[in-house]
Each structure stands twice: as C-alpha cells, then as structure tokens.
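Participant: Take this structure, written in structure tokens, and hold onto it; I'll ask about it next.
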Amino acid sequence: MVFVETLRGSYFEVDQPEVTRVCEVAVHVKLRRPTGWQDVIEAELSGTATFEKLATQRPITGVLRIQLRQPRHVTYLFTMQGDNGQTFHFSGAKHPSLMRPIYTATTLWGTLSEGTTAKAMVRLHFDLRRDLVAFVQSLRRPTD
C-alpha cells in the first residue's frame with residue numbers, strides 16, 4: 001500500500017522554548033504486504049519537510065514502524081538535511097487509544113535532533129477536514 005500523509009504543526013528549539021515556529025511534513029509511505037503475522041510492520045518513508053528557519057522543502061528518508069502488540073504505536077523516523085547543510089534526525093510516534101481515537105490517530109509528537117543532541121520538540125497534526133480527501137485519494141497498491 002502506498003499513501004501520502006501531510007502533517008502540519010509547530011516546534012520549538014530546546015534552547016529557546018519561548019519561540020514557536022511552524023513546520024510541515026509530507027510523508028510518502030510505501031508499505032509492503034506482510035507475509036504472515038508480524039508484531040511490527042515496517043514501511044519505507046520518504047517525502048519533504050519544512051521546519052521554519054531550519055529546513056525548507058527538504059527531502060526526507062526513513063522508516064515508519066507500526067507496533068501491533070501492546071503498547072501499540074506508530075513510529076516515524078526520518079533524516080533530512082537542513083538549509084545550512086546540517087543533518088537532522090526526526091523521531092516521533094502516534095499512540096492510538098480507544099479513549100481518544102481521533103486525537104491519538106492524528107497527532108504526532110516528536111524530537112528533531114542534530115547528531116545525538118535534541119534540537120527541537122515537535123507537534124504535528126493530520127487535519128481531517130483539510131487533508132482527508134487527499135489522503136484517501138493517495139491510497140493505492142505499489143506498482144513494483
């Protein structure tokens with residue numbers, strides 16, 4: 001299965017928590033059909049990311065992991081180059097819950113790091129009203 005998920009939100013740098021900036025990540029996911037039961041399903045992740053003042057429409061590559069057993073979560077891991085050439089690593093997760101299904105399925109909390117140092121805290125959100133139709137239209141089977 002292939003799909004595109006656009007997530008928008010904000011971030012703040014850990015050394016300047018009072019300054020909030022906008023960000024957007026367009027995630028292209030390529031998920032191969034699993035063979036048999038698996039506790040963790042991995043998919044290829046690519047796309048583009050914009051983090052105001054750090055990166056503008058920069059390509060991303062990484063992995064999306066779906067943990068099917070408790071505790072269930074969907075992890076997004078990707079790398080990108082910043083506008084000044086620095087390498088950033090994003091690590092974030094959605095934690096689905098029956099108590100708050102919409103919020104937990106559409107909100108991604110994460111950390112943007114430079115090397116092993118946390119650079120920024122990130123909150124991304126999938127806007128159902130704005131992006132659900134585009135998301136559904138992007139769903140398809142991979143061609144290869």
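The values are calculated or read from the model by the stated rules, or taken from the named source; none is laboratory data. Just so you know, these numbers come straight off a predicted model, no measurement behind them. Cβ: placed from backbone, ideal geometry, glycine included. Neighbour counts: every protein chain shown. Heads up: the accessible areas ignore ligands, DNA and RNA and are worked out on the full protein's heavy atoms, side chains in. Shrake-Rupley method; radii C 1.70, N 1.55, O 1.52, S 1.80 Å.
Participant: Quick one: which of R130, R123 is out of contact with any His (no Cβ under 9 Å at 6 or more places or on another chain), part of a helix (DSSP H, G or I) and open to solvent by 30 Å² or more (accessible area, probe 1.4 Å)? Please lay out each step first, then the result.
Facilitator: On the way: R123 fails: part of a helix (DSSP H, G or I).
Criteria check complete, one pass: R130.
Participant: Name the residues in region 27-42 that are closer than 19 Å to Q70 by Cβ and aliphatic (A, V, I, L, M), would you?
Facilitator: In the first step, residues of region 27-42 are kept if they are closer than 19 Å to Q70 by Cβ; the result is 34, 37-42.
Answer for region 27-42, where residues must be closer than 19 Å to Q70 by Cβ and aliphatic (A, V, I, L, M): V40, I41.
Participant: H73 - would you say it is out of contact with any Lys or Arg (no Cβ under 6 Å at 6 or more places or on another chain), within 23 Å of Q38 (Cβ to Cβ) and without any contact (Cβ under 8 Å) to a residue 40 or more places away in the chain? Spell out how you get there, then give the answer.
Facilitator: Working: out of contact with any Lys or Arg (no Cβ under 6 Å at 6 or more places or on another chain): yes; within 23 Å of Q38 (Cβ to Cβ): yes; without any contact (Cβ under 8 Å) to a residue 40 or more places away in the chain: yes.
Against the criterion (out of contact with any Lys or Arg (no Cβ under 6 Å at 6 or more places or on another chain), within 23 Å of Q38 (Cβ to Cβ) and without any contact (Cβ under 8 Å) to a residue 40 or more places away in the chain), H73 qualifies.
Participant: Within region 27-39, does at least one residue satisfy the condition of being under 17 Å from S113 (Cα atoms), of a type in the set (A, V, I, L, M, F, W, C) and touching a residue at least 24 places away in the same chain (Cβ under 8 Å)? Walk me through how you get there before you give the answer.
Facilitator: Let us first name the residues in region 27-39 that are under 17 Å from S113 (Cα atoms), namely none.
No, every residue in region 27-39 fails to be under 17 Å from S113 (Cα atoms), of a type in the set (A, V, I, L, M, F, W, C) and touching a residue at least 24 places away in the same chain (Cβ under 8 Å).
Participant: Can we say R8 is in contact with a helix residue (DSSP H, G or I) (Cβ under 9 Å, 6 or more places away or on another chain) and modelled with pLDDT of 95 or more? Spell out the reasoning first.
Facilitator: On the way: in contact with a helix residue (DSSP H, G or I) (Cβ under 9 Å, 6 or more places away or on another chain): yes; modelled with pLDDT of 95 or more: yes.
Considered against the rule, which asks whether it is in contact with a helix residue (DSSP H, G or I) (Cβ under 9 Å, 6 or more places away or on another chain) and modelled with pLDDT of 95 or more, R8 comes out as yes.
Participant: Does I66 count as without any contact (Cβ under 8 Å) to a residue 60 or more places away in the chain, surrounded by 16 or more Cβ atoms within 10 Å (Cβ to Cβ) and in contact with a Ser or Thr (Cβ under 7 Å, 6 or more places away or on another chain)? Outline the logic, then answer.
Facilitator: On the way: without any contact (Cβ under 8 Å) to a residue 60 or more places away in the chain: yes; surrounded by 16 or more Cβ atoms within 10 Å (Cβ to Cβ): yes; in contact with a Ser or Thr (Cβ under 7 Å, 6 or more places away or on another chain): no.
Criteria not met by I66.
Participant: Restricting to region 101-112, name every residue that is of a type in the set (A, V, I, L, M) and surrounded by 18 or more Cβ atoms within 10 Å (Cβ to Cβ). Let's see the steps before the verdict.
Facilitator: Keep residues of region 101-112 that are of a type in the set (A, V, I, L, M), which gives 102, 105, 108, 112.
Hits for region 101-112 are L108, L112.
Participant: Something else about it: What are the pairs, 6+ residues apart or on separate chains, where a residue within region 126-144 that is on the phi < 0 side of the Ramachandran plot has its Cβ under 6 Å from a residue that is among the aromatic types (F, W, Y) and surrounded by 10 or more Cβ atoms within 10 Å (Cβ to Cβ)?
Facilitator: Note: pairs meeting the criteria are S138/F3; L139/F3.
Participant: Now, a different point. Residue by residue through region 1-47, note down the ones that are surrounded by fewer than 16 Cβ atoms within 10 Å (Cβ to Cβ), not acidic (D, E) and not in a strand (DSSP E or B).
Facilitator: Once the filter is applied, which keeps residues that are surrounded by fewer than 16 Cβ atoms within 10 Å (Cβ to Cβ), not acidic (D, E) and not in a strand (DSSP E or B), region 1-47 yields M1, V14, R32, R33, P34, T35, G36, W37, Q38.
Participant: Taking the condition part of a strand (DSSP E or B), open to solvent by 70 Å² or more (accessible area, probe 1.4 Å) and β-branched (V, I, T), does T56 pass? Show your work before the answer.
Facilitator: On the way: part of a strand (DSSP E or B): yes; open to solvent by 70 Å² or more (accessible area, probe 1.4 Å): yes; β-branched (V, I, T): yes.
It is true that T56 is part of a strand (DSSP E or B), open to solvent by 70 Å² or more (accessible area, probe 1.4 Å) and β-branched (V, I, T).
Participant: Cβ contacts < 6 Å: first residue under 20 Å from L68 (Cβ atoms) and at pLDDT 95 or above, restricted to region 94-118; second residue assigned to a loop (DSSP other than H, G, I, E, B) and open to solvent by 40 Å² or more (accessible area, probe 1.4 Å), any location; separation 6+ or different chain. Result?
Facilitator: Pairs that qualify, where the first residue is under 20 Å from L68 (Cβ atoms) and at pLDDT 95 or above and the partner is assigned to a loop (DSSP other than H, G, I, E, B) and open to solvent by 40 Å² or more (accessible area, probe 1.4 Å): there are none.
Participant: Go through the residues of region 87-100 one by one and say whether even a single one is surrounded by fewer than 14 Cβ atoms within 10 Å (Cβ to Cβ), among the charged types (D, E, K, R) and within 19 Å of D127 (Cα to Cα).
Facilitator: Among the residues of region 87-100, at least one is surrounded by fewer than 14 Cβ atoms within 10 Å (Cβ to Cβ), among the charged types (D, E, K, R) and within 19 Å of D127 (Cα to Cα), which makes the answer yes.
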